[in-house]
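Following: one structure in structure tokens, then a few remarks.
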Amino acid sequence: MPRAVELKIRVDDRPGILGDVALALGAKKVNLRAVNAWVEGIQGYLRMVADKPAAAKKVLAAAGWMPEEREILELDIADKPGELGKAARRLGDAGVNIHYVYVGTAKGRKVAAFIGVADVKAAMAALR
């Protein structure tokens, strides 16, 4: 089970901002594997996992979006009911606090869950 690099940026809450970010990355051949976005007040936030994190960080910084980098857990789980719950329970039983998670499926057999936890090393050990 690998670790992943997540980049988080603050953006203006306005129409088209996600397109601007994704197109800037795409223009430099950086593929987004996962995205989580939300708004608090007038500020937007994007968390993302890119296939080329160093290149993504450079592109985002050059565009004025100052990326924060964080190591997170990448967990491949079966795409069936209860599997995320089992993994989350194992983390909880190991004393690992989950701060957030974002998951997507492509109607396949597996999904990638990106999980921000208090201790990535402990989380990885709990799920081995």
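Where a number appears in this text, it was derived from the coordinates with a stated rule and is not lab data. Quick caveat: nothing in here was measured; it's all calculated off a predicted structure. In this analysis, Cβ positions are derived from the backbone assuming ideal geometry, glycine residues included, and neighbour counts consider all displayed protein chains.
Here is how the numbers come out for the structure above:
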| quantity | calculated |
| --- | --- |
| Options Val30, Pro67, Ile42, ranked by Cα towards positive dipole end of segment 16-67, top entry (Cβ charges) | Val30 |
| Estimated [θ] at 222 nm from DSSP helical runs (n ≥ 4, -39500 (n - 2.57)) normalised by residues in the chain, nearest 500 | -9000 deg cm²/dmol |
| Rule-of-thumb Rg ratio for the chain [Cα; 2.2 N^0.38 Å; N residues] | 1.11 |
| Cα-centred dipole magnitude for segment 38-117, charges only on beta-carbon of K, R (+1) and D, E (-1), debye, nearest 20 | 260 debye |
| Cα-based helix-to-principal-axis angle, 83-93 vs the chain, degrees rounded to 10 | 70 degrees |
| Helix 17-27 axis, angle to the chain major axis (alpha carbon atoms, nearest 10°) | 90 degrees |
| Cα centroid separation - segment 83-97 against segment 3-49, whole Å | 27 Å |
| Dipole in debye (nearest 20) - segment 59-100, about Cα centre, beta carbon charges: Lys, Arg +1; Asp, Glu -1 | 220 debye |
| Pairs of lysines in the chain (C-alpha under 16 Å apart; 8 or more residues apart or interchain) | 12 |
| Net dipole in debye of segment 28-85 [+1 Lys, Arg Cβ; -1 Asp, Glu Cβ; about Cα centre; nearest 20] | 400 debye |
